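Trainee: To start, I am sharing the structure in question, which I have written as structure tokens.
The values are calculated or read from the model by the stated rules, or taken from the named source; none is laboratory data. Computed from a predicted structure; not experimentally measured. Cβ coordinates were reconstructed from backbone atoms using ideal geometry, including for glycine residues, and neighbour counts include every protein chain displayed. We work out accessible area using only protein heavy atoms, side chains counted, and drop any ligands, DNA or RNA first. Shrake-Rupley method; radii C 1.70, N 1.55, O 1.52, S 1.80 Å.
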Amino acid sequence: DGGITQSPKYLFRKEGQNVTLSCEQNLNHDAMYWYRQDPGQGLRLIYYSQIVNDFQKGDIAEGYSVSREKKESFPLTVTSAQKNPTAFYLCASSPFAGTGGIGPQHFGDGTRLSIL
Amino acid sequence: DAKTTQPTSMDCAEGRAANLPCNHSTISGNEYVYWYRQIHSQGPQYIIHGLKNNETNEMASLIITEDRKSSTLILPHATLRDTAVYYCIVRVADTGGSYIPTFGRGTSLIVHP
């Protein structure tokens, strides 16, 4: 079945360490996204990419980095510069619909990051 | 950018229709309305979207007012498994001219027996 796979489901980090969250999709979607969700809050956009080797900052990109070397993969690195990284991280993808914008987003099941 | 306003919470009896409103009074003519829902600790799930006509699929119906300033998601026969946070979003354009969805806090729907 096609879908988005995020791993790991739970991740623990010591302060000062960088960690990388994996996101893989086999839907052949052009666009991919990373969101952060804090308890009781909506989703905030960290980074997005609409084509391989290109990505743009979202609303809260500070302390995060991404790469898009392959269409199906969009890993997110939470760096030590991110002061409050404990959150639920969601990856999504969507097909590109040309000048009409993008199609519906498909989400993974998320990675819950905690600081030790 | 078009923003949406939704009630913070709603409740509904099992088997009854759940009608979730959304206000998007600043929506542009070429912006779509999308609805997603998120069950606790899972990723959001796409439900339905529309531009100006009413839409129906196996999950729900979407009613968009003629002036497109508001819409209503209808779950015709709510079940306990429909308890979730429901997000109404419109696509917004970034500075590059592409379209990036923005999620607010949504409506927490509780379906009770």
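Trainee: Need one number: nm distance between label points at B:Ser25 and A:Val52, each 7 Å from Cα along Cα→Cβ, rounded to one decimal.
Mentor: 4.7 nm
Trainee: Separate question: Using θ = phi - 60° and the Karplus curve 6.51 cos²θ - 1.76 cosθ + 1.60, what whole-Hz ³J(HN,Hα) does each residue of the stretch B:25-37 get, with Gly and Pro shown as x?
Mentor: Each residue's phi maps through the Karplus curve to give 5, 9, 5, 8, x, 10, 9, 8, 9, 10, 10, 10, 9 Hz.
Trainee: For A:Tyr10 and B:Glu14, what is the calculated FRET efficiency with R₀ set at 35 Å and r taken between the beta-carbons, to the nearest 0.05?
Mentor: My answer for the efficiency is 0.60.
Trainee: I've got another one for you. May I ask which of A:Lys57/B:Lys52; A:Lys9/B:Lys69; A:Lys70/B:Lys69; A:Lys14/A:Lys57; A:Lys83/B:Lys69; A:Lys57/B:Lys3 have a Cα-Cα span longer than 29 Å here?
Mentor: Cα-Cα > 29 Å for A:Lys57/B:Lys52; A:Lys9/B:Lys69; A:Lys70/B:Lys69; A:Lys83/B:Lys69; rest within.
Trainee: About the Cα centre, and with charges only on the beta carbon of Lys, Arg (+1) and Asp, Glu (-1), how big is the dipole of chain A? Nearest 20 debye, please.
Mentor: 320 debye
Trainee: Are there cysteines in chain B with no other Cys C-beta under 4.7 Å, and if so, which?
Mentor: B:Cys12
Trainee: Provide Rg over Rh for the protein assembly as shown; use the alpha carbon set for both Rg and the Kirkwood Rh (inverse mean inverse pair distance).
Mentor: Taking Rh as the inverse mean 1/r over Cα pairs, Rg/Rh reads 0.97.
Trainee: Also, quick follow-up: Residue by residue, what Karplus-based ³J(HN,Hα) values in Hz, rounded to whole numbers, does the stretch A:3-17 have, using 6.51, -1.76 and 1.60 with θ = phi - 60° and x for Gly and Pro?
Mentor: Karplus-based 3J(HN,Hα) across the stretch A:3-17 equals x, 10, 10, 10, 8, x, 6, 10, 9, 10, 9, 7, 4, x, 9 Hz.
Trainee: Using the crude model of +1 on Lys and Arg Cβ and -1 on Asp and Glu Cβ, and no other charge, please compute the dipole size for the protein assembly as shown relative to its Cα centre, in debye to 20.
Mentor: Dipole of the protein assembly as shown, to the nearest 20 debye: 440 debye.
Trainee: Rg over Rh of chain B, using C-alpha atoms and the Kirkwood radius, what does it come to?
Mentor: 0.97
Trainee: In square angstrom and rounded to 100, what buried accessible area do you get between chains B and A, total over both, with the probe at 1.4 Å?
Mentor: Rounded to the nearest hundred, the buried surface is 1700 Å².
Trainee: List the residues whose amide H sits under 5 Å from the amide H of B:Ser70, counting only those 5 or more places along or on another chain, with H placed 1.01 Å from N in the peptide plane.
Mentor: Here the answer is B:His24, B:Thr65, since their amide H atoms fall under 5 Å of that of B:Ser70.
Trainee: Can you list residues whose amide H is under 5 Å from A:Tyr47's amide H, if they're 5+ apart or on another chain and H is modeled 1.01 Å from N?
Mentor: A:Trp34, A:Gly58
Trainee: Also, I was wondering about something else. Just to check I understand the Karplus step: with θ = phi - 60° and J = 6.51 cos²θ - 1.76 cosθ + 1.60, what whole-Hz values come out for the stretch A:21-30, glycine and proline as x?
Mentor: 9, 9, 9, 10, 10, 10, 9, 6, 7, 7
Trainee: A further question on this structure: Give me the one-decimal nm value for the distance between modelled label points at B:Lys69 and A:Gln17, 7 Å along each residue's Cα-to-Cβ direction.
Mentor: Each label point lies 7 Å from its Cα, and together they span 5.4 nm.
Trainee: Can you give the accessible area of B:Arg68, probe radius 1.4 Å, in Å² rounded to 10?
Mentor: Rounded to the nearest 10, the figure is 20 Å².
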